[in-house]
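Novice: Dumping the structure here so I can ask a few things about it.
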Amino acid sequence: MALRVRRDVWSSDDPWGDTLQWYERAVAKLKTLPLDDPRSWRYLAAMHGIDSATWQIHGYLKEGEKLPDLMETSWMQCQHTSWYFLPWHRGYLASFEAIIRETIVAEGGPSEWTLPYWNYNSSATDAKKLPVAFRSKFLSDGVTPNSLYVPQRYGVQSDGTIEFMEPRRISLESAFRQGEFTADLGGFGGPDTGFFWGAGNKAVGALEDTPHGIVHVLIGSAAVDEDPDLSQMGLMSHPRTAALDPIFWLHHANIDRLWDVWLNRDADNVNPTESRWVDGPPQHDRKFMFPTPSGSLKEVKVSQILSAEQLGYEYDDITDPLPDVKSIHSPKGAALGVEIMAEPSEFASNETGRIRLGGADSGEVRLRVDMQSAPDAAALESAALTESASVPRVYLTLDGIRASLGVPAFDVYVAAPAAAGGAVEHYVGTVSLFGVQDASDPEGLHGGGGLRQALEVTDAYYAVRGDDAAKDEVTVRFRKVGKKGSLANVSVGKVSLLKNP
């Protein structure tokens, strides 16, 4: 049987081609189904997350509408900050695609329909803009509502314009440098966990962070300036509302594709082989439950959703977009698909307790470097990470990130202390606050511990340490992304530099 092909949404010259026309019709149909129908738009979205009050404000729940008892079975399943992030979302997409296809066929559409993906990393004209079909409130007749449009997409300027103006914020480089699927600091696919609904004391996987989380919040963002509640955030900005936005599914189809790209670009890039992953989730955890087109629920293990081919589809393009960026492997880890290097060791941190990241728009913290344990002088002769990883890799970790909503993300820079006032500083990444509200809630699933973020800063660190500046300090700067919110509302328990090995 021939595989169905998922294609880039921007590959067609017609912004309202057949694929999107049928998608729009099917979404509209699913929105008419009752909440307790596993094929309905709302049921499928609640599998990723649900917040009753916010859903009601946005019209997805009627006042007094009774919720089915599904929170511990099929709803609130999404896997974040976990090595199940990629396989769970693959199964979720496949279930959604099958239901949409069945709906399309029932409406007289093509049986070979597949979910398109949005390749916002492409160099093609307009690829970094929200696809045209998702922008208009009405269809071409000017009367019929467009089911692909939602008003709660504010963008970083909070004016509804969705375009990724700074490609470095959604760069694939950090993810593609990862040679292990899972590692102490996240790896490509996320840290080793059981069934896990995000946050906690583990670092997010590189792909889940960028571009996944960044794209979520750059699309959603906030409607107001200060301390919005969840109802004033864009749907894509929070796990409990994200899957209500039809663009969610095209975004995650691209993330699913990038998993295949990572595996394809380097023979040593492999999936985990441990039974607790392949046969996961573990025996006593919740199970992955996905709806079928008939409306029944099916329990699924990772082994059943390991490849696109198993699920009957493939992508039109999994070529390597960054051939000059090499994946860095540990000496033996590549054969196992796991990180077995020495545990990263800390050699610099802030010397105070929990800190606010800054004022309204920016802030900084100085890290005191322990000269005894910092990477030695010989390593400093290299200002770049080499293919052989002959110098220690350096990571900046932000532990216990908490925030009220408002700032969707912040840019991070590394500089020498003497660089204050405009001298050389090095951009090292953008931190998404996707899911920070749940992570900051002391009564929530994770006790308010906040998010943990790890950014590889090897090149920047060696460049800074090579400057004619004080060698026992490194400055880390933060600048908010977007027009709304304040960095004064974002705090971090600890900022550290770690080396590995």
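No value in this document is a laboratory result; all are computed from the given coordinates. Note that the coordinates shown come from a computational prediction; the quantities given were computed from them, not determined experimentally. Note that each Cβ is placed from the backbone with ideal geometry, even for glycine, and that neighbours are counted across all protein chains shown.
Novice: Based on a Kirkwood Rh over C-alpha pairs, give the Stokes-Einstein translational diffusion coefficient of the range 17-118 at 20 °C and viscosity 1.002 mPa s in µm²/s. If you can, show how the numbers build up before the last one.
Specialist: Details: Rh = 14.8 Å.
For the chosen part, D equals 145 µm²/s.
Novice: Let me ask you something else. Calculate the spin-label point distance for ILE57 paired with LEU322, positioning each point 7 Å from the Cα along the beta-carbon direction, and give it in nanometres.
Specialist: 3.6 nm
Novice: For the range 246-318, state what percent of all Cα-Cα pairs lands in each successive 5 Å bin, counting from 0 Å until the bin that includes the largest distance.
Specialist: Going out from 0 Å in 5 Å bins, the range 246-318 shows 3, 12, 17, 23, 23, 14, 6, 1 percent.
Novice: Select from PRO282, ASN146, PRO246 the residue farthest towards the positive end of the dipole of the chain; place +1 on Cβ of Lys and Arg, -1 on Cβ of Asp and Glu, and compute about the Cα centre.
Specialist: Among PRO282, ASN146, PRO246, the one farthest towards the positive end of the dipole of the chain is ASN146.
Novice: Which label belongs to the value computed from this structure, given these candidates for P(r) over Cα pairs in 20 Å bins from 0, in percent: (1) 23, 58, 18, 1; (2) 23, 54, 21, 2; (3) 19, 37, 19, 16, 6, 2, 0?
Specialist: So the structure-derived entry is (1).
Novice: Work out the charge dipole of the chain with +1 on the Cβ of Lys and Arg and -1 on the Cβ of Asp and Glu about the Cα centre, then indicate which of TYR462, MET71, LEU451 is farthest towards its positive end.
Specialist: Comparing the listed Cα positions along the dipole, MET71 ranks first.
Novice: Right, another one. Normalised radius of gyration for the range 141-206, please: alpha carbon Rg relative to 2.2 N^0.38 Å, two decimal places. Walk me through the intermediate numbers first.
Specialist: Working: Rg = 18.1 Å, N = 66, 2.2 N^0.38 = 10.8 Å.
Taking N as the residue count of the range 141-206, the ratio is 1.67.
Novice: While we're on this one: So what's Rg/Rh here for the range 113-263, counting alpha carbon atoms and using the Kirkwood radius for Rh?
Specialist: Details: Rg = 16.3 Å, Rh = 16.6 Å.
Rg/Rh: 0.99.
Novice: Related question: In the range 77-174, which GluC sites (Glu not before Pro) are in a loop and have at most 15 other Cβ atoms within 10 Å, using DSSP for the loop call? Each step should come with its number before you reach the end.
Specialist: Details: sites: GLU97, GLU102, GLU107, GLU112, GLU163, GLU173; in loops: GLU107, GLU112.
Passing both the DSSP loop test and the Cβ count: GLU107, GLU112.
Novice: Can you give the convex hull volume per residue for the Cα atoms of the range 105-193, as a whole number of Å³? Mind dumping the intermediate values first?
Specialist: On the way: hull volume 18.9 nm³, N = 89.
Per-residue hull volume (Cα only) is 212 Å³.
Novice: Another question, then. How would you order 476-488, 300-312 from highest to lowest mean count of nearby Cβ atoms within 10 Å?
Specialist: Working: 476-488: 21.7, 300-312: 16.7.
Highest-to-lowest ranking by the protection proxy: 476-488, 300-312.
Novice: Hey, another quick one. Among residues other than GLY160 whose Cβ falls under 14 Å from its Cβ, what is the net charge (Lys/Arg +1, Asp/Glu -1)? Write out the running numbers ahead of the final one.
Specialist: Values: positive: LYS129, ARG135, LYS137, ARG153, LYS483, LYS484; negative: ASP159, GLU163, ASP245.
Net local charge, GLY160 excluded: +3.
Novice: Do any trypsin sites (Lys or Arg not before Pro) in the range 59-147 lie in a DSSP loop with no more than 12 other beta carbon atoms within 10 Å, and if so, which? List each step's numbers first, then the result.
Specialist: Details: sites: LYS62, LYS66, ARG90, ARG101, LYS128, LYS129, ARG135, LYS137; in loops: LYS62, LYS66, LYS128, ARG135, LYS137.
Those that pass, being in a loop and sparsely packed, are LYS62, LYS66, LYS137.
Novice: Would you mind putting 343-352, 207-216 in packing order, based on average other-beta-carbon counts within 10 Å, highest first?
Specialist: Values: 343-352: 15.8, 207-216: 25.3.
For the peptides 343-352, 207-216, the packing ranking is 207-216, 343-352.
Novice: Continuing with the same structure: As a test, work out the antiparallel percent of DSSP beta bridges whose residues both lie in the chain, rounded to the nearest 5.
Specialist: Details: 49 of 57 bridges.
Around 85 percent of the beta bridges assigned by DSSP in the chain are antiparallel ones.
Novice: May I pose another question? Before anything else, pin down the relative contact order of the chain: Cα pairs under 8 Å, at least 6 apart, normalised by residue count, whole percent. Provide the component values of the computation, followed by the final result.
Specialist: Values: 1117 pairs, mean separation 94.3, N = 501.
RCO, the chain: 19 percent.
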